Amino acid sequence: MPSAPQLTARPAGRALTGTVRAPGDKSISHRSMIFGAMATGVTEVEGLLEGDDILATARAAEAFGATVERLGEGRWRVTGQGGLKTPASVIDCGNAGTGVRLLMGAAAGYPITATFDGDASLRKRPMKRVTGPLTEMGARFDWAAVEDRLPVTVHGGNLEGIDYLQTVASAQIKSAILLAGLNATGETVVTEPEKSRDHTERMLRAFGAEVGVEPLNLNGGGEGWKITLKGGQTLTGTTVSVPGDPSSAAFPLAAGLIVPGSVVTVEGVMLNPLRTGLFETWIEMGADLTIADERESGGERIGDVTARHSALKGIVVPESRAASMIDEYPILAATAAFAEGATVMRGVGEMRVKESDRISLMVNGLRACGVRVEEEAEGFIVAGGPVRGGATVATAHDHRIAMSHLVLGLAAEQPVSVLDPEMIATSFPGFVEMMNGLGAEIV
Ligand code: S3P
């Protein structure tokens with residue numbers, strides 16, 4: 001019988017050193033394709049993440065009537081028709097939650113019909129969190145098999161703006177509502193008691209739309225804001241320079257922190273404060289993490305981040321930070337396994353509805369590697385100490401689970417293997433080559 005595909009990370013045994021460039025940010029890459037397709041005229045993108053998730057969104061943009069051309073590495077041109085057209089076939093969003101949820105919002109604003117589907121993982125993820133508010137705005141959804149799960153057909157058009165209070169801090173929900181709101185009558189308001197990443201708001205402005213943002217006056221001084229968008233605004237094509245993805249930069253930086261003697265620099269990392277919760281957390285844990293050459297690029301702060309091997313200590317991660325690092329808890333957990341003392345991660349129930357149930361997958365994977373972990377309904381606690389490794393870990397086809405355990409294996413006592421690692425290409429094509437270029441042995 002052919003063996004299942006897997007990758008193995010061997011304990012590095014020597015320092016990792018070097019300077020690398022993070023792949024383009026996944027959130028901004030998806031949005032550049034979607035906004036480009038909705039806009040009138042040409043959008044030129046540089047630094048696009050050419051991962052499988054984004055390629056699926058690029059194909060979707062074409063299916064909705066845009067012309068999408070690859071001009072060179074990371075350089076793409078999208079020529080929009082000033083609106084989306086009914087696609088000829090089913091829109092397959094692959095593994096991408098961001099792709100499907102933002103596209104559903106965009107499509108709902110036009111008088112078109114489109115059916116969305118995805119891979120086995122995406123078919124398990126909840127969609128009503130987006131179709132619920134879009135239905136309130138006037139769109140109609142037909143579930144092909146099970147309510148709340150793909151495949152689903154949207155019948156769009158004739159929308160009215162809504163005033164929506166977010167109960168989960170989710171940029172995907174907010175973005176779907178705002179994109180639909182562009183083509184609704186009246187005003188669309190999204191109130192976020194806890195801020196989520198603001199790439200949609202920033203990019204809407206770059207494409208010529210007006211978006212209002214006001215701080216929320218919460219009792220006890222909360223951190224939220226209220227976002228307002230008038231309907232009937234059009235988007236105009238523009239240039240988009242995609243910064244490096246902090247969620248991907250996290251993996252080589254984590255390896256730098258846990259492999260003795262290492263010094264790893266990742267250049268051009270986006271430093272949007274709604275995305276840097278992991279960096280703050282690592283610094284609180286005692287990480288020697290420094291940022292150099294902070295600059296502005298494409299409307300975002302970027303900088304070169306260096307991680308040096310550090311003696312980490314466990315901390316209680318503030319729950320209020322969850323939204324700014326929701327994709328980073330798996331790699332945080334892997335580094336926490338090497339810390340002195342326990343790292344407590346709570347208020348992260350959203351991890352259970354990502355590409356996999358990431359709490360359960362990390363708990364099982366870390367335990368298999370000899371790490372003591374306590375699982376809770378909405379969180380987990382990782383006890384630090386020497387990490388044995390010597391396990392083959394299930395990833396449920398989740399890119400971040402695979403990369404987190406491979407990084408763990410570089411500093412463990414024995415090699416760590418991961419099953420089904422091909423999904424790494426959804427967000428980080430070239431991950432293995434990059435890590436091995438720094439001195440790792442992942443084969
Ligand atoms: C994303 C938002 C996050 C994140 C995802 C990308 C985005 O999801 O997990 O990888 O680009 O808006 P939620 O906003 O639903 O938490």
Near the amide H of Val20, under 5 Å away, which other amide H atoms are found, from residues 5 or more places off or on another chain, if H is placed in the peptide plane? Thr265, Val266, Glu267
Label the stretch 285-432 by shape, choosing from rounded, prolate and oblate, from the square roots a ≥ b ≥ c of the eigenvalues of the Cα gyration tensor; if a/c is under 1.5 it is rounded, and otherwise prolate applies when a/b is larger than b/c, oblate when it is not. rounded
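Among Lys85/Lys230; Lys195/Lys354; Lys128/Lys230; Lys230/Lys354; Lys85/Lys174, which pairs are too far apart, with a Cα-Cα distance over 28 Å? Could the numbers behind the result be given before it?
Details: Lys85/Lys230 22 Å; Lys195/Lys354 19 Å; Lys128/Lys230 24 Å; Lys230/Lys354 31 Å; Lys85/Lys174 23 Å.
Flagged as over cut-off: Lys230/Lys354.
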Please name whichever of Ile331, Ile401, Gly105 sits farthest to the positive end of the charge dipole of the chain, dipole taken about the Cα centre and charges placed at Cβ: Lys and Arg +1, Asp and Glu -1. Ile401
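Using the crude model of +1 on Lys and Arg Cβ and -1 on Asp and Glu Cβ, and no other charge, please compute the dipole size for the chain relative to its Cα centre, in debye to 20. Mind dumping the intermediate values first?
On the way: 39 positive and 53 negative charges, 60 e Å.
Around 280 debye, computed over the chain.
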For Cys369, net neighbour charge (Lys/Arg +1, Asp/Glu -1) across residues whose Cβ lies under 12 Å away: +2
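Ignoring ligands, DNA and RNA, how do Trp282, Trp225 rank by accessible area with a 1.4 Å probe, largest first?
Putting Trp282, Trp225 in descending order of accessible area: Trp225, Trp282.
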What residues qualify as long-range amide H neighbours of Ala342, i.e. H under 5 Å apart, gap of 5 or more or another chain, H built at 1.01 Å from N? Gly314, Gly384
Can you list residues whose amide H is under 5 Å from Ile162's amide H, if they're 5+ apart or on another chain and H is modeled 1.01 Å from N? Val189
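I want the antiparallel fraction of DSSP beta bridges within the chain, as a percent rounded to 5.
Numbers: 60 of 84 bridges.
Roughly 70 percent of the DSSP beta bridges within the chain come out antiparallel.
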Environment charge of Thr135, counting only residues whose C-beta is closer than 13 Å and scoring Lys/Arg +1, Asp/Glu -1: -2
In percent, what relative contact order does the stretch 1-129 have, based on Cα pairs under 8 Å that are 6 or more apart in sequence? 22 percent
Report, in whole Å, the centroid distance computed from the Cα atoms of the stretch 320-349 and the stretch 223-301. 17 Å
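Excluding Cys93 itself, what net charge comes from residues whose Cβ is under 10 Å from its Cβ, given Lys and Arg +1 and Asp and Glu -1? Provide the component values of the computation, followed by the final result.
On the way: positive: Arg59, Arg101; negative: Asp53, Asp92, Asp117, Asp119.
After counting each charged neighbour, the total is -2.
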From the Cα centre of the stretch 29-100 to that of the stretch 131-192, the distance in Å is 20 Å
For the chain, set up a Gaussian network in which alpha carbons nearer than 10 Å are linked by springs, and say which option among Ala144, Ala39, Ala176 fluctuates the most. Ala144
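To the nearest 20 debye, what charge dipole does the stretch 14-159 have about its Cα centre, counting +1 at the Cβ of each Lys and Arg and -1 at the Cβ of each Asp and Glu? Present the calculation step by step, with values, prior to reporting the outcome.
On the way: 17 positive and 16 negative charges, 59 e Å.
It works out to roughly 280 debye.
In the stretch 1-102, which GluC sites (Glu not before Pro) fall in coil by DSSP and have 15 or fewer other Cβ atoms within 10 Å? Could you put the intermediate results ahead of the total?
Working: sites: Glu44, Glu46, Glu50, Glu62, Glu69, Glu73; in loops: Glu50, Glu73.
Here the GluC sites (Glu not before Pro) that fit, given the DSSP loop and packing criteria, are Glu73.
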Calculate one ³J(HN,Hα) per residue across the stretch 256-269 by plugging θ = phi - 60° into the Karplus curve 6.51 cos²θ - 1.76 cosθ + 1.60, and present them in order as whole Hz with x for glycine and proline. x, 6, 9, 8, x, x, 6, 9, 10, 10, 10, 8, x, 7
Contour minus end-to-end for Arg301 and Glu210, with contour as 0.36 nm per residue of separation and end-to-end as the Cα-Cα distance? 30.6 nm
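Per-residue counts of other Cβ atoms within 10 Å, averaged by peptide: what ranking do you get for 53-61, 146-154, highest first? Intermediate values should be presented prior to the final figure.
Values: 53-61: 25.7, 146-154: 17.3.
The packing order, highest mean first, is 53-61, 146-154.
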Which shape class applies to the stretch 290-336: rounded if a/c is under 1.5, otherwise prolate when a/b exceeds b/c and oblate if not, where a ≥ b ≥ c are the square roots of the Cα gyration tensor eigenvalues? oblate
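The values are calculated or read from the model by the stated rules, or taken from the named source; none is laboratory data. Being a predicted model, the structure only gives us computed values, none of them experimental. Neighbour counts are summed over all protein chains in view; Cβ atoms, including those assigned to glycine, are modelled from backbone coordinates with ideal geometry. For the accessible areas, the whole protein counts, side chains as well, though only heavy atoms, and no ligand, DNA or RNA atoms are used. Shrake-Rupley method; radii C 1.70, N 1.55, O 1.52, S 1.80 Å.
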